[in-house]
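Step one of this worksheet: look at the structure below.
The values are calculated or read from the model by the stated rules, or taken from the named source; none is laboratory data. As the structure is a computational prediction, the values presented were derived from the model and not from experiment. When we count neighbours, we look across all protein chains shown, and the Cβ atoms used for this are built from the backbone with ideal geometry, even at glycine.
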Amino acid sequence: MYKYLLCWRYLRTRYIALASIISVTLGVATMIVVNSVMAGFADKMRDRLHGVLADVIVESNSLEGFTNSDEVMARIIDLAKDDIAAMAPTMETPGILKFRIGSESQTHPVQIIGVNPEQRAKTGDFAEFLFDDKGNQIPPSFEVPEALRAQSPAGMRLKEVEAETGAEKSDFDRATEEYLRQQMIEQMPKHGAIIGYAIGTYHRGKGLPDFYLAPPGTKIGLFFPKHGKTPEAGNDVFTVVGYFKSGMSEYDSTHVYVPLEQLQQTRLLVDPEGRGAVNQIQIKVQPGVDIDKLADKIGLALESLRPMYFRVSTWEQKQGPLLAAVAIEQSILNILLFMIIAVAGFGILAIFSMIVVEKTRDIGILKALGASTSGIRNIFLGYGLLLGAVGSGVGMVGGLLFVRYINEIEKLLSYVLKHKVFDDSVYYFDRIPTLVEPRTVVAIVLGALFIAVVASIWPAQRAAKMHPVKALRFE
């Protein structure tokens with residue numbers, strides 16, 4: 001019983017130990033906050049990467065792709081019919097986008113992706129990333145609404161002409177209206193396009209709304225390589241009907257989605273039988289299916305169809321370097337932050353060594369009264385465990401509370417420092433994402449307790465080995 005009483009007394013009266021408690025508290029709280037924020041960002045990033053890409057992607061080695069996509073998809077269905085939820089053929093090619101802003105033109109290097117929007121929406125979160133200029137979600141479609149076309153200069157003039165002429169129209173009136181309808185198509189092409197949000201907007205930050213450089217109805221030109229023995233530049237025009245906003249700048253600043261059939265025809269990728277070429281097939285699998293094993297099976301099946309032509313990979317393999325880089329950064333940061341708790345361990349070691357020297361006579365009295373060697377040792381080990389428990393407990397509560405109110409704290413710091421602490425121009429997040437993983441929190445707390453106990457071993461062992469007579473002769 002005396003061991004617990006002494007541990008509690010030392011904790012209440014030895015204020016120098018407060019420094020060690022604070023060090024453990026700060027270390028545990030910092031590790032919990034940093035891990036939660038990084039896990040939140042990583043989870044958001046993985047979710048959005050997976051939303052942009054399907055579970056499994058079949059690609060051709062050639063940019064021109066293959067025209068027998070029906071045969072390829074049939075082979076995949078025969079191989080794993082019960083595992084496949086949906087498939088979408090895709091044509092992807094690099095290109096250049098150009099549109100006018102007043103009297104000036106803007107040019108962007110882009111990745112042009114021809115898709116059937118309804119099919120593509122079934123293979124991932126494509127539909128969830130489609131928005132209009134008011135921030136509302138729009139259906140996956142490239143149709144140019146008549147209401148949008150009516151907002152063009154020719155469309156507004158056509159309204160005026162129709163209102164002026166009424167029901168009785170002369171040949172001149174009908175010719176004028178037909179001319180204006182042709183001008184509407186010229187000003188707003190009949191084929192729509194969904195462009196990356198970062199391409200069509202200017203992000204001002206500081207809580208200000210984004211400025212739309214290419215609002216819906218903007219006419220854009222796309223330039224890309226045509227199919228042929230000698231590659232030639234091809235071009236086509238489209239009307240902006242929406243924006244692709246995934247929150248990943250890599251995609252939002254490069255992706256342009258257009259109708260698959262139109263891209264195939266413009267790139268001269270339609271064979272004499274009328275089959276259009278694609279260079280990707282996006283595959284969504286059923287829940288619970290091992291996508292790595294499925295990708296290997298599909299790769300072997302397509303290898304027999306056309307050797308050394310198809311590449312089959314999962315979405316994680318496609319983004320492997322990026323995901324691995326995030327994991328490595330998180331591991332290195334954890335090691336560096338854990339050193340803060342290690343510093344607290346050295347503080348406990350120094351404080352306990354001082355206590356052993358200071359209490360040498362008291363240790364001798366306890367031994368003379370019958371205290372065992374293990375009893376003396378357990379006093380200091382229990383004291384170290386108690387310091388670690390208090391420090392890690394307070395740090396855990398403080399860290400979890402910080403994570404819970406991190407966005408409110410960010411707003412307060414931004415107000416005090418007069419600049420944004422969390423720059424939302426890097427990520428399109430309105431809040432700092434966090435994810436508390438219970439296993440990580442438990443591992444941090446146990447690690448802090450372990451360091452506190454380990455730091456107590458040497459002073460405890462030194463006190464336990466003291467001879468009672470020599471200890472009483474200390475003074």
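Which of the residues belonging to the range 107-126 are surrounded by fewer than 17 Cβ atoms within 10 Å (Cβ to Cβ) and either over 16 Å from Asp252 (Cβ atoms) or touching an Asp or Glu at 6+ places or on another chain (Cβ under 6 Å) (or both)?
Within the range 107-126, Thr107, Asn116, Glu118 meet the criteria.
Among the residues of the range 48-74, which ones are within 15 Å of Ser313 (Cβ to Cβ) and either free of Cβ contacts under 8 Å to residues at least 40 places away in the same chain or assigned to a strand (DSSP E or B) (or both)?
Val56, Ile57, Val58, Glu59, Ser60
Do the conditions hold for Gly398, that is, is it at pLDDT below 90, of a type outside the set (A, V, I, L, M), part of a helix (DSSP H, G or I) and crowded, with 17+ Cβ neighbours inside 10 Å?
When the stated conditions are applied, Gly398 does not pass them.
Name the helices (runs of 4 or more DSSP H) wholly inside the range 245-315 in which the number of residues that are of a type outside the set (Val, Ile, Thr) and under 24 Å from the mean Cα position of the chain (by Cα) is 2 or more.
Counting at least 2 such residues, we get 249-252, 291-305.
Search the range 75-99 for residues that are within 19 Å of Val270 (Cα to Cα) and pair each with any residue that is of a type in the set (Ser, Thr, Tyr) and outside any helix (DSSP H, G or I) when their beta-carbon atoms are under 6 Å apart and the residues are at least 6 apart or on different chains.
Ala88/Thr123
I'd like to check something: does the range 130-145 contain any residue that is of a type in the set (Gly, Ala, Ser), modelled with pLDDT of 75 or more, in a helix (DSSP H, G or I) and in the same structural domain as Pro287 (by TED's automatic domain parsing)?
Checked the range 130-145: no residue is of a type in the set (Gly, Ala, Ser), modelled with pLDDT of 75 or more, in a helix (DSSP H, G or I) and in the same structural domain as Pro287 (by TED's automatic domain parsing).
So, in the range 1-50, how many residues would count as being of a type in the set (Ser, Thr, Tyr) and at pLDDT 80 or above?
Number satisfying all stated conditions: 4.
Being part of a loop (DSSP other than H, G, I, E, B), at pLDDT below 80 and surrounded by 14 or more Cβ atoms within 10 Å (Cβ to Cβ) is the filter here, so list the residues in the range 430-475 that pass it.
Matches in the range 430-475: Met466 only.
Looking only at the range 103-119, decide whether some residue is outside any strand (DSSP E or B), acidic (Asp, Glu) and more than 30 Å from Gln330 (Cβ to Cβ).
yes
Going by the structure shown, is Arg149 of a type in the set (D, E, K, R) and buried (at least 19 other Cβ atoms within 10 Å of the Cβ)?
The answer is yes for Arg149.
Quick one: count up the residues across the range 49-65 that are in contact with a Ser or Thr (Cβ under 8 Å, 6 or more places away or on another chain), surrounded by fewer than 20 Cβ atoms within 10 Å (Cβ to Cβ) and not small (Gly, Ala, Ser).
The number of residues fulfilling the criteria is 2.
Just to check your reading of the model, which residue among Asp70, Asp55 is over 21 Å from Glu250 (Cβ atoms) and modelled with pLDDT of 85 or more?
The unique qualifying residue is Asp70.
Consider Arg181 carefully, then state whether it is farther than 14 Å from Asp133 by Cβ, in the same structural domain as Pro117 (by TED's automatic domain parsing) and charged (D, E, K, R).
Against the criterion (farther than 14 Å from Asp133 by Cβ, in the same structural domain as Pro117 (by TED's automatic domain parsing) and charged (D, E, K, R)), Arg181 does not qualify.
Among Gly228, Gly200, Gly234, Gly217, which is the only one that is in contact with a Leu (Cβ under 7 Å, 6 or more places away or on another chain), among the small types (Gly, Ala, Ser) and over 21 Å from Arg149 (Cα atoms)?
Gly228
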